[in-house]
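The values are calculated or read from the model by the stated rules, or taken from the named source; none is laboratory data. All figures in this text were calculated on a predicted structure; none of them were measured in a lab. We place every Cβ from the backbone using ideal geometry, glycine too, and count neighbours over all the protein chains shown. What goes into the accessible areas is simple: the full protein's heavy atoms, side chains included, and nothing from ligands, DNA or RNA. Shrake-Rupley method; radii C 1.70, N 1.55, O 1.52, S 1.80 Å.
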There are 2 protein chains.
Amino acid sequence: MDEQGRARRPGGRSARVRAAVHQAVTGLVSERGYGNFTVGEVAARAGVADTSLYRRWGNLEALLSDVLLTRLNAQAPMPDTGSLPGDLRTYAANVAREVTGPDGLAVVRLTIALSGAGRQGLQARDEFLAERRRQLQAMLDRARDRGEDPPDVLGVLDHLLAPIYMRVLFDAGPLTPDYLDGLVNRLLA
Amino acid sequence: MDEQGRARRPGGRSARVRAAVHQAVTGLVSERGYGNFTVGEVAARAGVADTSLYRRWGNLEALLSDVLLTRLNAQAPMPDTGSLPGDLRTYAANVAREVTGPDGLAVVRLTIALSGAGRQGLQARDEFLAERRRQLQAMLDRARDRGEDPPDVLGVLDHLLAPIYMRVLFDAGPLTPDYLDGLVNRLLA
């Protein structure tokens, strides 16, 4: 969305500010972790006024969600391969690549940080998770529209997402293609 | 173990120090989160010398693991009901109670904190997880010795532990007895 925005309005101030702020947040997250910096520190690093950030995002929690959602949507968009098994296999591979990549367990870390950040944190967390769930639901709805018999979103969370995250979190075993295929087959059985 | 230690040797200095240090760690974790305090702060709160802590635990990471492992072993010991389905149901109920209780996602939080705490952190994390895995393996070994056909430890992690943790972490759905039974039945199918 960022890229498209910049393509439509090259050099637009709003897009420049957004890119600078996202970069500042990404840097602070990797240096200190979620929840260990303030809006003022983001603003200083991005070279913009605190007030610009508050006007645009409302609070730090909403800003953190926006940054992670933008990156996830760019790096791991929901697949649309034309078949449910194809979509689930691609989805599993995307998630596995994401959680073993440089961002690692960013979703888990952000979720934990937001869970402990009061009402605004919980609201940002719920909006973030709801958006990811909507995207997954849309993928499953396309399968149903094609006459396939998809699992529900919670089934995908329980038996595809959860094992992948836990294996990384607990360093419990490698995410091989065979392992990921096994999860998808079990989910579809 | 702490309580038993004090009962066996009432007033023993070693047991008193251990209890005071565990209490100090628990307080600091709940106030600031894992990874956001030093050995010196634990020592000051517990009223003991830094050197006592280093002599006994070696480093902060090993101390954190010891505290959490002690609490888990006290609050959620591995069941031994005499049957595999009974053990797995009790285990699932214990984990569900633990992750929805006041300590919440302590295991996930500690694991993340230790993962980012250098070599000593990774070592403490791996020892902590290996100990929990040994306990689970012992439960599954007892089932095999009785002639039952248990899943392996990774199967329990993937399809019993992982969904329970993820549902709490992502606030995705309630951990009802029916839901937990469904996970166990699916694991045994």
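Where in region A:87-122 does the amide nitrogen come within less than 17 Å of the point 7 Å from the Cα of A:E131, taken along Cα to Cβ? What the label zone holds, given the 17 Å backbone N cut-off, is A:106-115, A:120-122.
Dividing the radius of gyration of the alpha carbons in region B:77-188 by their Kirkwood radius gives 0.99 for Rg/Rh. Separation of region B:71-148 and region A:19-60, taken as the distance between their Cα centroids, equals 38 angstrom.
Relative contact order of chain B: what whole-number percent is it, with Cα pairs under 8 angstrom and at least 6 residues apart? The value is 19 percent.
Roughly what percent of Cα-Cα pairs across chain A reach past 24 Å?
On the way: 8016 of 17766 pairs.
Beyond 24 Å sits 45 percent of the P(r) for chain A.
Among residues of chain B, the one whose beta-carbon sits closest to the B-to-A rotation axis is listed with its distance in Å as B:A162, 2. Between copies, the label points at B:G116 (set 7 angstrom from Cα along Cα-to-Cβ) are spaced 1.0 nm, reported in nanometres from shortest to longest. Of B:E41, B:E127, the residue with the largest accessible area leads and the full order is B:E127, B:E41 (1.4 Å probe). Using C-alpha pairs below 8 Å separated by at least 6 residues, the relative contact order for region A:45-110 is 27 percent. Sorted from closest to farthest, the other copies place their A:R13 label points 6.9 nm away, with each point set 7 Å from Cα along Cα→Cβ.
Work out the mean other chain Cβ neighbour count within 10 Å for the residues of A:125-138 and drop it here as an integer.
Details: counts 3, 2, 0, 1, 4, 0, 0, 1, 2, 0, 0, 0, 0, 0.
Per-residue shielding by partner chains comes out at 1.
Basic side chains Lys and Arg get +1 at the Cβ, acidic Asp and Glu get -1 at the Cβ, and with that the dipole of the protein assembly as shown about its Cα centre reaches some 1240 debye. Among the residues of B:27-35, the average count of other protein chain beta-carbon atoms within 10 Å of the residue beta-carbon is 1. Taking every C-alpha pair closer than 8 Å and separated by at least 6 residues, the mean separation divided by the residue count of region A:86-189 gives a relative contact order of 34 percent.
Surface analysis of chain B yields an accessible area of 47 Å² per residue, using protein heavy atoms and a 1.4 Å probe. One chain, two ends: A:R186 and A:A19. Fully extended at 0.36 nm per residue, the span grows by 56.0 nm beyond their Cα-Cα distance. Note on B:S83 and A:T100: with the Förster distance fixed at 45 Å, the Cβ-Cβ geometry gives a FRET efficiency of about 0.75. Across the protein assembly as shown, Cα-Cα pairs farther apart than 41 Å form 20% of the total.
Copy-to-copy label distances for B:P177, where each label lies 7 Å from Cα along Cα-to-Cβ, are 4.6 nm in order of increasing length.
Working ranking of peptides B:163-170, A:28-35 by packing, defined as the average number of other Cβ atoms within 10 Å per residue, highest first, is B:163-170, A:28-35. Take each residue in B:169-178, count the other chain C-beta atoms within 10 Å of its C-beta, and the mean is 4.
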